[in-house]
Amino acid sequence: MATTTAPTEARGRGDRWAGPGMLLPFSLFYLLFLVGPLVYTVVAGFFDTSLLTSGLGDFAGLSNYTAVLSDDEFWRTLRNTLWFTVLTTVPLVLLSLVLAILADRFVRGRWFFRFAFFAPFVLPSAVVALLFTFIYADQVGLAHEVTTWFGVDTPPSWLGDPDWAMISIAAATVWWTLGFNFVLYLAGLQDIPRSVHEAAAIDGAGPWQRIRHVVVPMLGRTTTLVTVLQVVASLKVFDQIYMLTMGGPDGSTRSSLQLIYDTGFVEGRVGYASTVSLLLFVVILLVSLVWFALVRRAEKER
Amino acid sequence: MTATATPPVTDRRAPAAAPRRRKYDAERLFNRVALGALVAFALLWLVPLVWALATSIRPAQEVITDPTSWFTAHPTLAAYEDIFAAGKLPYWYANSFITSVLTTVLTVVAASLAAFALSQTRFRARRAAFVLLLAGIMIPGQVLMIPQFLALQAAGLLNTYWGVVLPQVPNVVAVFVFKQFFDGIPRELIDAARADGASWLRTYRQIVMPLSRPVVSAVTIFVFVGVWNNFLWPLLVVTDPEMMTLPVGLTSVQDVFGVPYAQLMASAVLGAIPLVTVFLLFQRRIVEGIAGTGLK
């Protein structure tokens with residue numbers, strides 16, 4: 001492929017290497033910290049690798065895979081992770097859509113809404129965990145207090161009851177990250193030309209009809225993007241669970257990433273943890289591929 | 001955290017001349033309901049922040065006797081003094097700042113160079129390189145924490161700034177954001193510079209980068225916020241209290257105090273202050289930066 005443009009050829013040899021040279025620094029980081037580790041993960045899955053001994057350890061064939069796939073804990077943490085993903089994705093997509101559409105109607109107060117919804121997003125997960133440790137505290141927490149206002153005499157232990165812990169963590173996550181989706185939707189709304197609203201209004205469409213039949217459909221692409229970013233982020237949940245419940249009570253909030261962390265770093269079973277990593281990677285990859293397929297189809301329809 | 005809102009009114013998209021009176025009323029009613037719902041949610045969203053602030057300045061004894069009260073007659077900074085005494089807060093602020101700046105600078109330089117090469121120069125394996133990098137968007141970094149950790153351990157970089165920084169540099173999204181922007185730069189501009197005899201590197205430095213301020217600030221913001229708030233990675237590579245970043249350090253203080261909620265909330269406030277302040281100052285730019293990187 002000798003199709004270099006005219007001015008390039010005039011400049012001689014040094015120039016031929018300019019492109020690859022400029023690509024090099026990033027490529028080095030990319031190979032060292034993403035591709036290399038990915039290859040290692042695939043390989044270590046076939047060995048009895050341990051954190052305590054150096055090297056890969058004995059060849060183990062598919063035994064890590066059979067061990068992981070027959071381990072109830074693997075399936076339970078995967079179920080927990082999926083449950084968390086459902087609990088967060090649904091409100092985070094729908095609520096942010098509704099709030100953004102409403103906020104888009106007001107010019108003067110928009111900065112206030114943007115601040116209120118987005119400020120939590122810039123907080124470190126550690127701060128979110130500190131806040132909600134107190135909010136969900138038994139007897140003395142705000143959540144306890146507020147539920148008693150509604151006539152519930154004995155509210156559940158929000159983080160201590162296996163039935164409620166994941167829901168509580170999901171609610172805290174919705175509070176924390178809603179602003180990000182809200183801002184993506186606001187940006188999507190900016191791209192809808194004003195004339196579209198006016199035309200619909202002149203045709204006699206009320207505000208509710210305009211939202212349902214004009215605005216929401218026109219936000220389709222944003223919704224796809226928001227949903228997939230959200231699903232992928234939720235599948236990688238770790239921080240807030242680790243800090244709020246450590247995966248408890250009784251492992252009811254333990255996520256897949258925490259299983260990798262625990263088996264890999266606490267128990268030192270690198271081979272096993274690598275296998276779990278790879279399986280989680282495949283799940284996330286499938287979600288991303290479905291996204292690319294959807295986006296491509298949507299773009300063809302245009 | 002100040003909740004003094006200017007009353008949000010006026011509707012830019014209300015039809016200018018409503019055909020009928022009833023239509024106009026429906027529009028106004030809808031706006032009232034919308035505004036009410038929005039304000040209710042916004043206030044609800046501010047509750048945890050305001051409550052944390054209020055609790056952090058109450059005397060510890062008061063918090064024990066009446067934990068959910070919002071007000072105190074005797075405001076005190078005692079909880080903050082305790083946190084400063086117990087932890088190594090100045091170190092954590094400094095560490096977070098240094099690692100975030102280092103990572104951001106390295107990412108912006110490496111990613112923009114790569115994006116420029118992919119967008120403007122022509123070489124044999126360009127398309128292949130592009131596809132390979134594209135695939136990287138789908139690799140979730142956290143899933144690779146074990147081999148990344150082992151590599152840094154082997155290199156002797158645990159408990160160092162570089163150990164926190166280096167694995168966070170290959171940010172594929174940053175490359176794509178830059179490439180999108182560079183693709184939109186008029187070809188004639190670059191050809192003109194090249195015809196004048198400028199090398200590719202010089203074209204990048206003197207023509208392209210000065211044009212790219214908006215995208216540089218967008219990438220700077222999302223990389224900086226991401227690194228500043230990263231928890232899992234610094235938790236793994238840093239065990240020395242004097243090398244901890246703010247999020248990791250704050251959780252270690254929590255372990256010391258256990259229950260006293262005034263201290264807990266004081267550390268939450270201390271952890272929130274830096275980025276919330278930055279956000280207040282550059283609200284518009286940050287929001288546009290983050291929105292711009294996700295879309296388009």
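The values are calculated or read from the model by the stated rules, or taken from the named source; none is laboratory data. Remember, predicted model here, so these are calculated numbers, not experimental data. Heads up, the Cβs are rebuilt from the backbone with ideal geometry, glycines too, and the neighbour counts pull from every protein chain shown.
For B:T99, are the conditions met, namely being surrounded by 15 or more Cβ atoms within 10 Å (Cβ to Cβ) and either without any contact (Cβ under 8 Å) to a residue 60 or more places away in the chain or within 15 Å of A:L24 (Cα to Cα) (or both)?
no
Condition (residue is without any contact (Cβ under 8 Å) to a residue 24 or more places away in the chain and surrounded by 17 or more Cβ atoms within 10 Å (Cβ to Cβ)) applied to the range B:230-237: is it met by at least one residue?
yes
If only one of A:V183, A:V216 is of a type outside the set (S, T, N, Q) and more than 10 Å from chain B (Cβ to nearest Cβ), which one is it?
A:V216
Identify, by number, the condition in (1) more than 21 Å from B:A272 (Cβ to Cβ); (2) of a type outside the set (S, T, N, Q); (3) modelled with pLDDT under 90; (4) touching a Pro at 6+ places or on another chain (Cβ under 6 Å) that A:W164 doesn't meet.
For A:W164, the failing item is (3).
Among the residues that make up the range B:51-74, is at least one of them of a type in the set (F, W, Y) and surrounded by 15 or more Cβ atoms within 10 Å (Cβ to Cβ)?
yes
Against the conditions (1) over 30 Å from B:L35 (Cβ atoms); (2) buried (at least 21 other Cβ atoms within 10 Å of the Cβ); (3) within 20 Å of the chain's Cα centre (by Cα), where does A:G271 fall short? Just the number, please.
A:G271 satisfies all of (1) over 30 Å from B:L35 (Cβ atoms); (2) buried (at least 21 other Cβ atoms within 10 Å of the Cβ); (3) within 20 Å of the chain's Cα centre (by Cα) except (3).
Select the helices (runs of 4 or more DSSP H) contained entirely in the range A:46-159, then report the ones holding at least 2 residues which are among the acidic types (D, E) and surrounded by fewer than 23 Cβ atoms within 10 Å (Cβ to Cβ).
Correct list: A:72-103.
Filter the range A:241-268 for residues that are buried (at least 17 other Cβ atoms within 10 Å of the Cβ) and either modelled with pLDDT under 85 or not in a helix (DSSP H, G or I) (or both) and give the result.
Those that are buried (at least 17 other Cβ atoms within 10 Å of the Cβ) and either modelled with pLDDT under 85 or not in a helix (DSSP H, G or I) (or both): A:T245, A:G247, A:S252, A:T253, A:R254, A:S255.
Looking for something under 25 Å from A:N64 (Cα atoms), under 15 Å from the mean Cα position of the chain (by Cα) and either more than 10 Å from every other protein chain (Cβ to nearest Cβ) or not aromatic (F, W, Y) (or both) - is there at least one such residue anywhere in the range A:274-281?
Yes, there is a match, as at least one residue in the range A:274-281 is under 25 Å from A:N64 (Cα atoms), under 15 Å from the mean Cα position of the chain (by Cα) and either more than 10 Å from every other protein chain (Cβ to nearest Cβ) or not aromatic (F, W, Y) (or both).
When you scan the range A:211-232, how many residues do you find that are more than 30 Å from A:E198 (Cβ to Cβ) and out of contact with any Leu (no Cβ under 9 Å at 6 or more places or on another chain)?
Result for the range A:211-232: 2.
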